[in-house]
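A short worksheet on the structure shown next.
Taken together, the values in this text are just the output of simple stated rules run on the coordinates, not laboratory data. Computed from a prediction, not measured in an experiment: that's the story for all the values here. Please note: Cβ atoms are built from the backbone with ideal geometry, for glycine as well, and neighbour counts cover all protein chains shown.
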Amino acid sequence: MLSEFKTNAKILVQGATGREGQRAIEFMKNYGTNVVAGVTPGKGGQEVLGVPIFNSIKEALGKVGPVDAVSTYVPPPACLSAIKEVIESEIPFIHLITDGVPYQDLASMVKLCRDNNVQFLGPGSLGVLTIGQGRVGFLGGTDPKKDYQAGEVSIISRSGGMTNEVAHYLNQYGIGLRTMIHLGSDKISGANVGEAINALSQDKQTKIIVVFEEIVNNDLSDLAEFFSKQKLNKPVIISLTGISRNIMPEGVSFGHVDALLKGDSNLLNKNIGRIKSAGVVTVDSYEDFVPAIKNLSTY
C-alpha cells in the first residue's frame, strides 16, 4: 500500500461520522477511492455520502467482506484501542491522521503493528496518493485530478505541506508524479523513510525517488544505517533541509537550528558522508530536485 495505492483497493474509515472522517470520505470518493464502510460506535445504520456506517469493524467486515486498509480519524485517547481493533481484524494497512497521541500509546501501537506485520502510516499523516489511481486520507488537497500530472517520480516526506509543495514544484517543470507519501512528523512513527524507499523500490512505475528530509528533527543515523546496508535499485535524491547552518561563519549562531544541532556536527557530517557513499544524491533545497532529476541518465 505504501508503494502503490491500487485501483479499487477497499478502504474502511474509523471515526467516519466525525467532521474529519466525513471530510476524508468526501476527498477519497471524489478521487475514485473505493470507500466501502465506516465505523463509529453507536452510529451504526447511518450513511455518510452513501457509505454505510457500522458500530464495529467486525460488524462492517461481516457485511462488506475483507478490506485492504483502514483510515483512522479518532481523538488521541481513543487511538490505541482503535488500532488494536484493526489488528485484531487482520487488516494489513493502517493510516492514522491523528496527532498528539500519548507517546506510551504510540509506542505500543508501533510495536503491535510490527509484531503483526501490519503497515502503519502515521500518526499525523495526511496519507498516500497514487496519481490517477486513488488515495487514502487528504494528501494532494481538494482536486488532485486537476493539480497533479502523472509520471515516474515518487515523493516521501515527514511534512505534509512539503509533500504537496514538492509535488507542485516538480509538476511546474514538467516532471510527472507516481506516488506521494506523507509519513507524519512525530518522533515515534509507524513507517519510516527507509521502509518507504524499500516499498517504492518494488514499484515498477516509480523510476526515481525524492525525499524531503528535515535534519533538525532527525539525526540521520537510522537513514545512514539503512543506506549502508541497502543496495539501491533506482535513483534516490534527498533534500537535507537544515544543513545551510554550515555556511555560517564560525562562532555565529543560527538560532534554534544551531541550538538543536550544537555538538552534533561531526555525527551529522559523518552520516551525510555515509548516505552519499551509498550512491544517494543529496541536495540542499527541494528547489534543487529538478536539476538533480534531469541530470540522471535514467530520466
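The table that follows gives values for the structure above.
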read-out: Volume per residue of the C-alpha convex hull in the chain, rounded to whole Å³; value: 132 Å³
read-out: Cα Rg over Rh - the stretch 28-72, Kirkwood; value: 0.94
read-out: Rounded to 5, percent antiparallel among DSSP beta bridges of the stretch 1-121; value: 10 percent
read-out: For the stretch 189-238, diffusion coefficient by Stokes-Einstein and Kirkwood Rh (Cα), 4 °C, 1.567 mPa s, µm²/s; value: 112 µm²/s
read-out: Positive minus negative residues near LEU296 (Lys, Arg vs Asp, Glu; Cβ under 14 Å); value: +1
read-out: Angle between the chain longest axis and helix 79-88 axis [Cα atoms, degrees, rounded to 10]; value: 70 degrees
read-out: Whole-angstrom gap from the stretch 100-146 to the stretch 149-169, using each part's C-alpha centre; value: 15 Å
read-out: The stretch 1-96: mean projected area of Cα convex hull, nm²; value: 5.6 nm²
read-out: Two-decimal Rg to Rh for the stretch 9-155 - Kirkwood Rh, Cα set; value: 0.95
read-out: Point-charge dipole on Cβ atoms (K/R +1, D/E -1) for the chain, about Cα centre, debye to 20; value: 620 debye
read-out: Relative contact order [Cα under 8 Å, 6+ residues apart], the stretch 1-144, whole percent; value: 26 percent
read-out: Nearest 10 degrees, 0 to 90: helix 19-30 Cα axis against the chain principal axis; value: 80 degrees
read-out: Rounded to 5, the percent of DSSP beta bridges in the chain classed as antiparallel; value: 20 percent
read-out: Mean separation of Cα contacts under 8 Å, 6 or more apart, over the residue count of the chain: relative contact order %; value: 14 percent
read-out: Dimensionless Rg ratio for the stretch 62-137, taking C-alpha atoms and the 2.2 N^0.38 Å reference; value: 1.08
read-out: Compactness index (Cα Rg / 2.2 N^0.38 Å), the stretch 106-211; value: 1.05
read-out: Spherically averaged projected area in nm², based on the convex hull that wraps the Cα atoms of the stretch 3-54; value: 3.5 nm²
read-out: Given charges at beta-carbon only (K, R positive; D, E negative), |dipole| of the stretch 171-236 in Debye; value: 460 debye
read-out: Estimated inter-spin distance, ASN192 and GLU214, nm [label 7 Å along Cα→Cβ]; value: 1.9 nm
read-out: FRET efficiency estimate (nearest 0.05) - Cβ-Cβ, SER81 to LYS29, R0 30 angstrom; value: 0.65
read-out: Rounded to the nearest 20 debye, dipole of the stretch 127-197 from Cβ charges on Lys, Arg, Asp, Glu; value: 80 debye
read-out: Candidates per chymotrypsin sites (Phe, Trp or Tyr not before Pro) in the stretch 130-183, loop by DSSP, up to 15 other Cβ within 10 Å; value: TYR173
read-out: Ordering of 229-235, 176-182 by burial proxy (mean other Cβ atoms within 10 Å per residue, highest first); value: 176-182, 229-235
read-out: Cβ-defined net charge surrounding PRO76, 14 Å radius [Lys, Arg +1; Asp, Glu -1]; value: -4
